[in-house]
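Written below as structure tokens is the structure these notes are about.
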Amino acid sequence: MKPVESTPQRGPAVGRGSKMRAAVMAAAITELTETGYAALTVDAVAQRAGVHKTTIYRNWKTSDGLVADALADHFATDIPIPDTGAVKDDLRALARALVATMTAPAGRALLTTALSDAVRTPELAEIKRALFEDRFRRAEPVVLRAVDRGELPTGTDPGELLKALVAPIYFRLVFTGEPVDETTADRAVDVALAAAHAHALSAP
């Protein structure tokens, strides 16, 4: 007798509206984390979310649109902007938060997606650009306050300093695969501050 093939269990029914969207977004992030962008399917997301795949297609025309929305929703939460009164402490808090985010499963899924063929998809490319722009915009007050307090040279460009801060972290995450931890974050702060004090990060 031919054995009966097992079928993955569908998640509990979630209804419609905001609950349905939240379930689908969470399922998409989990699928990205566990299987990666290339292997993600609408069927798998639907099964994990507890909805029919036609429900997903009614709300998202393509799997790329679904992934784009899932990443945007997951990383659109407000970022606490530190204001300790000392720029080194503020930047250290930002850098450590980045490390914590990007070494978590969802952060690794974002990196994997951003570095895959997905980057050629206009929807996903726009999400990646918007996420980085939003992060820098939110963190700019940390640099501007430090300039006002005299901790950083006048004319220091917030965007350039923040790029100098995150560059060593992303270099390890993307290229070398070296461990990334709070020590990595703290060293990145020292590098960024040294460049700023050397007037290497001034606005054009």
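Here are a few things to note about the model shown:
- For the chain, the per residue solvent-accessible surface stands at 56 Å², with DNA, RNA and ligands left out and a 1.4 Å probe.
- Karplus-derived 3J(HN,Hα), 6.51/-1.76/1.60, for each residue of the stretch 92-104, Hz, glycine and proline x: 5, 5, 5, 5, 5, 5, 4, 4, 4, 5, 7, 9, 6
- Each stretch of four or more DSSP H residues adds -39500 (n - 2.57); spread over every residue of the chain, this sum gives -21000 deg cm²/dmol at 222 nm.
- Listed residue pairs exceeding 29 Å between alpha carbons, taken from 53/163; 19/163; 61/128: 53/163; 19/163
- Nearest 10 degrees, 0 to 90: helix 105-114 Cα axis against the chain principal axis: 90
- Here the chain is assigned +1 on the Cβ of each Lys and Arg and -1 on the Cβ of each Asp and Glu. Its dipole about the Cα centre then comes out at about 800 debye.
- In degrees, nearest ten, helix 17-35 long axis to first principal axis of the chain (Cα): 80
- With every protein chain in place, the stretch 110-204: carbon and sulfur % of accessible area (1.4 Å): 58
- Taking amide H atoms as placed 1.01 Å from N in the peptide plane, the amide H of residue 202 lies under 5 Å from those of 157, each 5 or more residues away in sequence or on another chain.
- Once the Cβ-Cβ distance of residue 53 and residue 132 is raised to the sixth power relative to R0 = 45 Å, the FRET efficiency obtained is 0.90.
- Label positions at residue 149 and residue 89, each projected 7 Å from the Cα along the C-beta direction, are separated by 0.8 nm.
- Highest-fluctuation residue, 101, 84, 184 considered, GNM on the chain with Cα pairs under 10 Å: 84
- Taken one residue at a time, the phi angles of the stretch 58-73 give Karplus couplings (6.51, -1.76, 1.60, θ = phi - 60°) of 5, 9, 9, 6, 9, 5, 5, x, 5, 5, 4, 5, 5, 5, 4, 5 Hz. Gly and Pro are set to x.
- Each Cα pair under 8 Å and six or more residues apart adds its sequence gap; the mean of these over the residue count of the stretch 97-197 is a relative contact order of 26 percent.
- Shown for the stretch 17-82: the carbon plus sulfur share of the solvent-accessible area, taken with all protein chains present and a 1.4 angstrom probe, equals 53%.
- Helix 158-171 axis, angle to the chain major axis (alpha carbon atoms, nearest 10°): 60
- Based on Cα contacts under 8 Å between residues 6+ apart, the chain shows a relative contact order of 20 percent.
The values are calculated or read from the model by the stated rules, or taken from the named source; none is laboratory data. Everything quoted here is computed from the prediction, not taken from an experiment. Note that each Cβ is placed from the backbone with ideal geometry, even for glycine, and that neighbours are counted across all protein chains shown. For accessibility, only protein heavy atoms count, side chains too; no ligands or nucleic acids. Shrake-Rupley method; radii C 1.70, N 1.55, O 1.52, S 1.80 Å.
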